[in-house]
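Worksheet: one structure, shown below.
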Amino acid sequence: MLGGRGSEVRRLRQRRHAPLSRADARCDSSALWGTHDEAPTQDGRRLESSRLLLFILSACQPCLSLLLPHYWLFSSLLGPSGTSVKRHRITLPPPDEDQFYNVFHFNINTDVVFYGRTFRIYDCDKFTKNFLKKIGIKLNPPLPRPVDPYMKMRRETLEFVDPFRPYQSFDTLKRFLQFDGKVLRFFCLWDDSHSLFGDRRELVLHYFLSDDTIEIRELLSINSGRDAMSSFLRRSKLPKYGPPGIFQPGQITDRAVLNVYGGLSEWRADGYLLDKYQLGKVEQEFYTDRDLKIGATINVWGRTVLLCDCDEFTKTYYRTKYGVDDFTAISCKPPPLPKIERKYPPYTGFGSEEDSFRSCLGLKLTPHRRNFKKFMELDSYGNISNTLRYFAKLVTEKCADFDRMFVIAFYLSDDTVSVFEPIERNSGNAGGIFLKRSRVKKPGQEVFKSEFSEYIKAEELYIGATVNVNGYLFHLLNADEYTLKYMENNTDKFPYSNFELAIQKLKEEKSKSREIKQIFSAADHNHTKMLPFNTFRFEDKEQQIDYGLFFSVLNWRMNPTPEIQSPPYLKEVNFMLALEISFVYLPYISKILCL
């Protein structure tokens, strides 16, 4: 190792050893190796010594410098090292004191004299050889590197002599420069649920490759009830068999120190020395990167921690260094708790069901939240009413109420229903509002229960259906034009409004086509081509016709409504018009359609 300093040494270390021309080498330096014999004196003995030297010859100017290699172990014995002769022009020995050394005075296996000291050049570097050859100097063969007899004697002596203080080197700089900032990350689980008030704790383990230390942090969930600590385990080496116990101060050290004299010595520093045999050293095993892997358990000061997963950098590290390919993760999350269904007290009958439900959610009563979005989208505005109106007949066995007709309105914005009876003179009924606007419950439901009641929906209202409104049965006979168009545009909610589906179902009843024709012909005795609805209904005593499906086809294809004979509501059906329309859309109706 050279101890020389200066720009010349740095250039020699950085330059390329390629042959250069004289023009290219005018600002470079040449290096030659030489020796110098000295006779140092130690303990009254005279020992010969041969010291190595480095000649740095400048090519741009006729000057040179002389460097001595630095031996850190014997620098005090061999004298100073470093730059012995600074860079300058050196004169030739007498009798040529008026001349100076130049590049042509240097060659391998030759002697040079600097200020009365003789130096022998035994070799040079590759750049110097190429340079000297290019300027025409024939180089002599190099000499073997001479052995310093004094240094040889010192090394032989040290092999059999143990130092009073052993030389121990702890080189951590190389590892720090190589692995600084590189951290292995593992996701861990500490299951403490078996202890009192214990639970599962999620941890993150950081392994620092620069010094083999471990740091553990805890992952706290929101509202966990635990204090957010900076770290679960501070950064330190983690012993495998912890806790190892309590050691006395100075017992765990890098170097073992012996107290030779105890307290007898006046100077306490004289009574201590290093234990070169390490007899009192405490042996401890610490976790390393080889011990960490997914699925392994480690002892963290008495706590069993399971390694469940790691990040991508850690996977790449183990895949590259140890050839590990299996990184199957283990779930750190606890098994999901069974979902407990919240039970509410039954409805008491006071107020609405929604108000009773809201009173069970908190001490402060709040009104029921309505579907505001649905209200804004389906509320009436302009010419769009968003109200479905049906013409219905009361289904009853009382003769006085047999012919009563009603108009049922369904409001799409809040699913409410209102029933109105048209005023008819000399009918015996006053008419007017039969049911004010409100939601109508479906029949057959328990009143005092914890669940919400089911109410009539728009999908349940179609022509031919029978609706139970608070115990009164209404048979829907017809609807206004807006309702029919709305149902046609929303066939996904109103399947009976799908004409193609209705025709398909009628095709499936082709075996009844002959009977249906006979019913039409037998009911029209006067050949008026008009058939009263009740007469038509009574002729089909065996109920071979699906009348709800039959009238849905008529109402959708006879725009706006079927022809009606007096009285002014639906009591008669123009069956000839129905036959004509059916023949237009369904050829061979007599064979496949039950009309």
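The values are calculated or read from the model by the stated rules, or taken from the named source; none is laboratory data. Treat the numbers as computed from the prediction; the structure is a model and nothing was measured. For neighbour counting, all protein chains shown are included, and Cβ atoms are generated from backbone atoms with ideal geometry for every residue, glycine included.
Would you kindly identify the strands (runs of 3 or more DSSP E) lying entirely within the stretch 364-480 that contain at least 2 residues that are crowded, with 18+ Cβ neighbours inside 10 Å and touching a residue at least 40 places away in the same chain (Cβ under 8 Å)?
387-395, 405-411, 416-421, 466-469, 472-479
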Handout entry: Test set (1) at pLDDT below 90; (2) touching a Ser or Thr at 6+ places or on another chain (Cβ under 8 Å) - residue 185 fails condition number
Key = (1)
Problem - Test result for residue 437, farther than 30 Å from residue 346 by Cβ, over 49 Å from the mean Cα position of the chain (by Cα) and not hydrophobic (A, V, I, L, M, F, W, C) - result: no
Practice task
State whether one or more residues within the stretch 209-230 are modelled with pLDDT of 85 or more, in contact with a helix residue (DSSP H, G or I) (Cβ under 7 Å, 6 or more places away or on another chain), among the small types (Gly, Ala, Ser) and assigned to a loop (DSSP other than H, G, I, E, B).
Solution key: yes
Practice task
Residue by residue through the stretch 423-460, note down the ones that are among the charged types (D, E, K, R) and in contact with a Gly (Cβ under 8 Å, 6 or more places away or on another chain).
Solution key: 424
Completion exercise
Selection over the stretch 231-240 where residues are free of Cβ contacts under 8 Å to residues at least 60 places away in the same chain and part of a loop (DSSP other than H, G, I, E, B) yields a count of 4
Completion exercise
Among the residues of the stretch 371-396, the number that are over 27 Å from residue 471 (Cβ atoms) and of a type in the set (D, E, K, R) is 4
Handout entry: Criterion violated by residue 97 - all others in (1) exposed (fewer than 15 other Cβ atoms within 10 Å of the Cβ); (2) modelled with pLDDT of 85 or more; (3) within 30 Å of residue 151 (Cα to Cα) satisfied
Key = (3)
Practice task
Evaluate the stretch 330-342: report whether one residue or more is out of contact with any strand residue (DSSP E or B) (no Cβ under 7 Å at 6 or more places or on another chain) and more than 30 Å from residue 187 (Cβ to Cβ).
Solution key: yes
Practice task
Give just the number: which of (1) under 26 Å from the mean Cα position of the chain (by Cα); (2) of a type outside the set (S, T, N, Q); (3) at pLDDT below 85 does residue 159 not satisfy?
Solution key: (1)
Exercise for the section: Would you be able to say whether some residue in the stretch 312-325 is part of a loop (DSSP other than H, G, I, E, B), of a type in the set (A, V, I, L, M) and either loosely packed, with under 15 Cβ neighbours inside 10 Å or assigned by TED's automatic domain parsing to the domain that holds residue 186 (or both)? Expected result: yes
Problem - Output for the stretch 118-130, where each listed residue is touching a strand residue (DSSP E or B) at 6+ places or on another chain (Cβ under 6 Å) and of a type outside the set (Ser, Thr, Tyr) - result: 119, 120, 121, 123, 124, 125
Problem - Members of the stretch 193-219 found to be acidic (Asp, Glu), over 20 Å from residue 312 (Cβ atoms) and either surrounded by 14 or more Cβ atoms within 10 Å (Cβ to Cβ) or touching a Lys or Arg at 6+ places or on another chain (Cβ under 6 Å) (or both), listed by number - result: 212, 218
Completion exercise
Inside the stretch 481-495, the number of residues satisfying the requirement of being surrounded by fewer than 18 Cβ atoms within 10 Å (Cβ to Cβ) and outside any helix (DSSP H, G or I) is 4
Problem - Residues of the stretch 220-248 that turn out to be of a type in the set (Ser, Thr, Tyr), farther than 17 Å from residue 302 by Cα and surrounded by fewer than 10 Cβ atoms within 10 Å (Cβ to Cβ), as a count - result: 2
Fill in the blank from the handout: Quick count over the stretch 202-219, residues being touching a residue at least 24 places away in the same chain (Cβ under 8 Å) and closer than 17 Å to residue 297 by Cβ, is 6
